[in-house]
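Engineer: Let me give you the structure first, and then I'll get to my questions.
The values are calculated or read from the model by the stated rules, or taken from the named source; none is laboratory data. Because the structure is a prediction, the values reported are computed rather than measured. Ideal geometry is used to build each Cβ from the backbone, glycine not excepted, and the neighbour counts take in all protein chains shown.
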Amino acid sequence: MTKKLYIEDAYIDRCTAKVQKVNGNTVVLDQTVLFAFSGGQATDKGTIGGIDVAHAQDLGDTIVYTLAQEPPFSAGDTVDVIIDTQNRNTIRKLHSAAHIVAHFFEQKTGITETIGSNVDATKARLDYPSETPITPLLSELAIKTNEFIRSAQPVKRYL
């Protein structure tokens, strides 16, 4: 079982973890700050024991990390887990922006069902079922979203 420390503290950027399992270049930890791909949001970039994380798979109560190379550490060892804070902060901002766009889109169209999403450090995308093109709405959505962001409303976190 991997304790997901980022659920309790979205701004935590490092921790010390006990290695639960090592198999080649895959690793399971007792706790982590590295978010694994879920709900369309990209995996955090970071390191475990100084080795880059290449991939992460969230299996529910356990996260399996694939490292860029086989680690020198073994089960039972303690390692430092560190995220790339610049990457995390960019994803955090785009994730929040996607929620803002979604609010104005849903308000304008009445469509509340999302059928897909993707948020990474380069973009945020939401997919909605629509029989008509939404291109004519994009300018208005951008204006409303930017106005809202400039108003500097506080951001609340819901779990």
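Engineer: Here's a check for you: in the stretch 62-99, which residue that is within 16 Å of the chain's Cα centre (by Cα) and small (Gly, Ala, Ser) is nearest to ASP127 (Cα to Cα)?
Structural biologist: This residue is ALA98.
Engineer: Another question, if that's okay. Out of all the residues in the stretch 114-125, which are over 18 Å from SER96 (Cβ atoms) and either assigned to a loop (DSSP other than H, G, I, E, B) or in contact with a Leu (Cβ under 7 Å, 6 or more places away or on another chain) (or both)?
Structural biologist: Matches in the stretch 114-125: ILE115 only.
Engineer: Something else about it: What residue, of PHE73, PHE35, is touching a residue at least 24 places away in the same chain (Cβ under 8 Å) and touching a helix residue (DSSP H, G or I) at 6+ places or on another chain (Cβ under 6 Å)?
Structural biologist: Details: PHE73 fails: touching a helix residue (DSSP H, G or I) at 6+ places or on another chain (Cβ under 6 Å).
After ruling out the rest, the residue left standing is PHE35.
Engineer: Restricting to the stretch 28-61, what's the tally of residues that are among the small types (Gly, Ala, Ser), within 16 Å of the chain's Cα centre (by Cα) and in a loop (DSSP other than H, G, I, E, B)?
Structural biologist: Final tally of qualifying residues: 5.
Engineer: Please state which of the following conditions THR145 fails to meet, knowing it meets all the rest: (1) surrounded by fewer than 17 Cβ atoms within 10 Å (Cβ to Cβ); (2) outside any strand (DSSP E or B); (3) among the hydroxyl-bearing types (Ser, Thr, Tyr); (4) outside the structural domain of ASP13 (by TED's automatic domain parsing).
Structural biologist: Every listed condition holds for THR145 apart from (1).
Engineer: Among the residues of the stretch 104-113, is there at least one that is touching a Leu at 6+ places or on another chain (Cβ under 9 Å), over 23 Å from ALA42 (Cβ atoms) and aromatic (Phe, Trp, Tyr)?
Structural biologist: Step one: of the stretch 104-113, the residues touching a Leu at 6+ places or on another chain (Cβ under 9 Å) are 104-105, 108-109.
Filter once more, so that each one left must be over 23 Å from ALA42 (Cβ atoms): 104, 108-109.
Okay, now just the ones that are also aromatic (Phe, Trp, Tyr), so 104.
Yes: the stretch 104-113 contains one or more residues that are touching a Leu at 6+ places or on another chain (Cβ under 9 Å), over 23 Å from ALA42 (Cβ atoms) and aromatic (Phe, Trp, Tyr).
Engineer: Test ALA10 against the stated conditions and say whether it is assigned to a loop (DSSP other than H, G, I, E, B) and of a type in the set (Gly, Ala, Ser).
Structural biologist: Yes.
Engineer: Also: Could we say that THR90 is modelled with pLDDT of 95 or more, under 15 Å from GLN41 (Cβ atoms) and either in the same structural domain as VAL33 (by TED's automatic domain parsing) or surrounded by 13 or more Cβ atoms within 10 Å (Cβ to Cβ) (or both) here?
Structural biologist: yes
Engineer: While we're looking at this one, here's another question. May I ask you to list the residues in the stretch 106-125 that are under 18 Å from the mean Cα position of the chain (by Cα) and small (Gly, Ala, Ser)?
Structural biologist: GLY116, SER117, ALA121, ALA124
Engineer: So, in the stretch 126-140, of the ones that are under 23 Å from GLY39 (Cα atoms) and either in a helix (DSSP H, G or I) or free of Cβ contacts under 8 Å to residues at least 24 places away in the same chain (or both), which residue ends up farthest from the chain's Cα centre (by Cα)?
Structural biologist: The residue in question is SER130.
Engineer: Pull out all pairs, ordered by first then second residue, where Cβ-Cβ is under 9 Å, the residues are six or more apart or on different chains, the first lies in the stretch 3-24 and is polar (S, T, N, Q), and the second is at pLDDT below 95.
Structural biologist: GLN20/MET1
Engineer: Let me ask something else. Please pick out the residue among THR109, THR78 that is farther than 20 Å from ALA142 by Cβ and surrounded by fewer than 19 Cβ atoms within 10 Å (Cβ to Cβ).
Structural biologist: Every option except THR78 fails the conditions.
Engineer: Shifting gears a bit: Checking the structure you have, find out if any residue of the stretch 125-133 is over 29 Å from THR85 (Cα atoms), surrounded by 13 or more Cβ atoms within 10 Å (Cβ to Cβ), among the aromatic types (Phe, Trp, Tyr) and at pLDDT 95 or above.
Structural biologist: Scanning the stretch 125-133, I find no residue that is over 29 Å from THR85 (Cα atoms), surrounded by 13 or more Cβ atoms within 10 Å (Cβ to Cβ), among the aromatic types (Phe, Trp, Tyr) and at pLDDT 95 or above, so the answer is no.
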